[in-house]
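The values are calculated or read from the model by the stated rules, or taken from the named source; none is laboratory data. Since this is a predicted model, take the numbers as computed values, not measurements. Please note: Cβ atoms are built from the backbone with ideal geometry, for glycine as well, and neighbour counts cover all protein chains shown. In case anyone asks, the SASA skips ligands and DNA or RNA and just uses the protein heavy atoms, side chains included. Shrake-Rupley method; radii C 1.70, N 1.55, O 1.52, S 1.80 Å.
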Amino acid sequence: MTNQEIPARAMLDDMDVRFDRYGRRRYFSVKFVTQSGKLYYFPKAFAQGAGKMDNKRFRMRGIQPCCESGQPEGHAVAVRITNIIEYKGKTVNWD
């Protein structure tokens, strides 16, 4: 593992923390591929539910893109965790 990689478990643990200890929302950048093969990059986003299902059991996460000031833009996207390629500028290591 290089310095520019993050283990998948660490990425998921970090993504599951929605707010910091002061109650402020935590933001991150993410790059992922959809099932249809489209590559998406959100320079600023936050995690939220992926709909009315068990996100952990179905291995999904909800990602909401937002503008620079933190206001939501567009709609939330349900993403399979194994389709996440990059998190906070680091390549996700699935080994």
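List of remarks:
- Within the range 1-16, being part of a loop (DSSP other than H, G, I, E, B) and at pLDDT below 90 holds for MET1, THR2, ASN3.
- Within the range 62-84, considering residues that are touching a Gly at 6+ places or on another chain (Cβ under 6 Å) and open to solvent by less than 40 Å² (accessible area, probe 1.4 Å), the one nearest to PRO43 (Cα to Cα): PRO65
- Per-region count, the range 1-38, residues open to solvent by 40 Å² or more (accessible area, probe 1.4 Å), of a type in the set (A, V, I, L, M) and within 16 Å of LYS90 (Cα to Cα): 3
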